[in-house]
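For reference, the structure discussed in these notes is given below.
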Amino acid sequence: MEPGAGEGSSTDDYESLISTTDAELLKRAWRNEKAAPEILKFEAALVQRSRQQIQLMEETVEEFTRNGVDPLTVSLYQMDLDRTLFLLRSYLRTRLQKIEKYVLHIQKTAELWNRLSKQEQKFAIRCVGDLTQHLEQSVLTKLPDQYQSHLKQSGASENDDMVPEPKLDTYIICRSKKFLGAFQLDDSGEEPVNIEADDLYALPYKSIKPLVESGQIDLV
Amino acid sequence: MYGKKASELVKEFVSCEHGQLTSFNNDLFAQVIEECNGHLLHLQPLMRKIQEHENKLKDNRRSEDETAISEDESRKSEADTIFIQTAMKSDQFGALIHHLSLVRNKRCLMAYVYNRAEVIKSLGWVIDCVLPEEIEEKLSSSEKEYFKNHAATLQSYMSELDLDLTVDMIPPKDPYIKVRVLDDIGEVVLSDQVATLARNAMLFLRRTDGEQYISQGLMEELTG
């Protein structure tokens, strides 16, 4: 590293460069997805790029092994590859598990539905089909006419009152990279929270939802 | 007491350890369903009665409006109205009780089936398509079907993506792991070598190769 005055800015550059690599972005997407109670927007472009990189890395590793490059180097590449693969798999897996759990809610909420990828939507549709068939066979067809809906408790309910939904007011741990200033949590008249850079906060997910969606705050 | 059996059903699910299943309680389940239908049998005549009362009240009011009647008669019809109203109220509350009990039973039944389904879903991630016998015998026939359907749904998603999501369940520390083979598997092609997997052999192999055998219980990972 260069000595003297340039040092401060070059570490900054390095950090900002690191934090925008796809590996880092994927890690962030994965962490957010893991911590958020509801399903977040599918990072289509990022996933596609990551998959291309994985393929590239696989080819590199293969080539190295063929050309007899130092096994240590190969194993380092392999390790990096494995980690990226794990991130990607875990990311997709976490999303699927959320879909499995809240499929009925996701399906009837257009906003959530549009957050899924094409394949995930297909998956969700089949999920709903399987689940309703199972519920109907086991319970609903054996009940009186008025009580056969899997969304409503009875014909008398106006809204769907039997759909499992994620609990949006659970507390999550979050951290912001930038100073965001005073942030009003909700309408209850409590004092606004000062969100400082790199400090950890435990806040209800519901109140910081817009910050998560706009990428200003990261979940941990 | 109404709703007691249904709550027993739910308690039974809660009392077993997280992520595990007890046998599907067909007996109790059928009893709760029966109770539901019993409620309906009570509910229907009550609803009919309420309807009758309402009609009668309407008739009374109409006749009051139409004919100018003497004070004596009007007092009589007023008493009549109050009498009908009280009777209707008691019927309404009766109906409400049966309705609420039915809804509660339904919720319990659904909770029982739904939560079991969640466990079954989570099994889909660790087992490929074929359930071990000791789990299978605990499921109802519809649950078995559900497992099969759901596993197929999961498979089709993964094949569309061309990415197996059931491996790599824990973050990798090292690309290679040390394992002990627990059964005679014979010769297999691993991604970087061809190996003969005999019982009790110890091997150093790629994590991704080993994981499928570990999840099938054919290998165990040696740590430390």
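The values are calculated or read from the model by the stated rules, or taken from the named source; none is laboratory data. Treat the numbers as computed from the prediction; the structure is a model and nothing was measured. No Cβ is skipped: glycine too gets one built from the backbone with ideal geometry, and neighbour counts run over all protein chains shown. Quick note on the areas: whole protein, heavy atoms, side chains included, nothing else; ligands and nucleic acids left out. Shrake-Rupley method; radii C 1.70, N 1.55, O 1.52, S 1.80 Å.
Here are some notes:
- The stretch B:99-142 versus the stretch A:92-149: alpha-carbon centroid distance in Å: 15 Å
- Computed from the C-beta positions of residue B:18 and residue A:193, the FRET efficiency with R₀ = 35 Å rounds to 0.55.
- Accessible surface for residue B:15 stands near 90 Å², nearest 10, in the context of the full protein assembly shown (1.4 Å probe).
- For residue B:162, the solvent-accessible surface with a 1.4 Å probe is about 120 Å², rounded to the nearest 10.
- Radius of gyration (Cα atoms) of the stretch A:17-165, expressed as a multiple of 2.2 N^0.38 Å: 1.46.
- Amide proton proximity set for residue B:176, modelled H, under 5 Å, gap of 5+: B:207
- Applying 1/(1 + (r/R0)^6) with R0 = 60 Å to the Cβ-Cβ distance of residue B:2 and residue A:175 gives a FRET efficiency near 0.75.
- The alpha carbons of the stretch A:107-220 occupy a box of 57, 36, 20 Å along the principal axes, longest dimension given first.
- Exposed loop positions in chain B were taken to be GluC sites (Glu not before Pro) whose DSSP state is not H, G, I, E or B and which have at most 15 other beta-carbon atoms within 10 angstrom. Between these positions, the longest stretch is B:18-136.
- Using a cutoff of 8 angstrom between alpha carbon atoms and counting only pairs six or more residues apart, the relative contact order for chain A works out to 19 percent.
- Element breakdown for chain A at a 1.4 angstrom probe: carbon and sulfur atoms account for 50% of the accessible area.
- The stretch B:1-159: relative contact order in percent, alpha carbon pairs under 8 Å with at least 6 residues between: 37 percent
- Rounded to 5, the percent of DSSP beta bridges in chain A classed as antiparallel: 90 percent
- Tensor-based shape of the stretch B:176-221 (alpha-carbon gyration tensor, a/c under 1.5 rounded, otherwise prolate or oblate): rounded
- Whether the stretch B:6-76 is rounded, prolate or oblate, judged on the alpha carbon gyration tensor where a/c under 1.5 counts as rounded: prolate
- Low-density loop positions, chymotrypsin sites (Phe, Trp or Tyr not before Pro), the stretch A:167-220 - DSSP coil, at most 16 other Cβ in 10 Å: A:179
- For chain B, the fraction of C-alpha pairs farther apart than 25 angstrom is 65 percent.
- A simple spin-label model places the labels of residue A:202 and residue B:206 4.3 nm from each other, with each point 7 Å out along Cα-to-Cβ.
- Taking label positions 7 Å along the Cα-Cβ direction at both residue B:41 and residue B:148, the computed distance is 3.6 nm, reported to one decimal.
- Gyration tensor verdict on the stretch A:167-220 (Cα atoms; rounded if a/c is under 1.5, prolate if a/b is larger than b/c, oblate otherwise): oblate
- Area accessible to solvent at residue A:57, 1.4 Å probe radius, in Å²: 40 Å²
- For the stretch B:4-159, accessible area per residue (1.4 Å probe, heavy atoms of protein chains only), Å²: 59 Å²
- Gain on full stretching of the segment that runs from residue B:71 to residue B:135 - 0.36 nm per residue minus C-alpha separation: 15.3 nm
- Of all stretches in chain A that contain no trypsin sites (Lys or Arg not before Pro) in a DSSP loop with at most 11 other Cβ atoms within 10 Å, the longest one is A:1-166.
- A run of chain A free of exposed loop cleavage sites, with GluC sites (Glu not before Pro) counted only in DSSP states other than H, G, I, E and B and at most 15 other beta carbons within 10 Å, reaches its longest extent at A:1-157.
- Directionally averaged shadow of the protein assembly as shown, computed from the convex hull of its alpha-carbon atoms, nm²: 33.6 nm²
- Helix axis angle, B:71-126 relative to chain B longest principal axis, alpha carbon, degrees: 0 degrees
- Helix axis angle, A:118-138 relative to chain A longest principal axis, alpha carbon, degrees: 30 degrees
- Neighbouring partner chain Cβ atoms per residue of A:83-94, average, 10 Å criterion: 4
- Computed in the context of the full set of protein chains, the accessible area of chain B at 1.4 Å probe radius has 52% of its extent on carbon or sulfur.
- The stretch between residue B:58 and residue B:86 holds 8.6 nm of extra length on full extension. This uses 0.36 nm per residue minus the Cα-Cα distance.
- Accessible area buried at the A-B interface, both sides summed, 1.4 Å probe (Å², nearest 100): 4300 Å²
- Crossing angle, helix A:7-19 versus chain A [Cα axis fit, 0-90 degrees, rounded to tens]: 40 degrees
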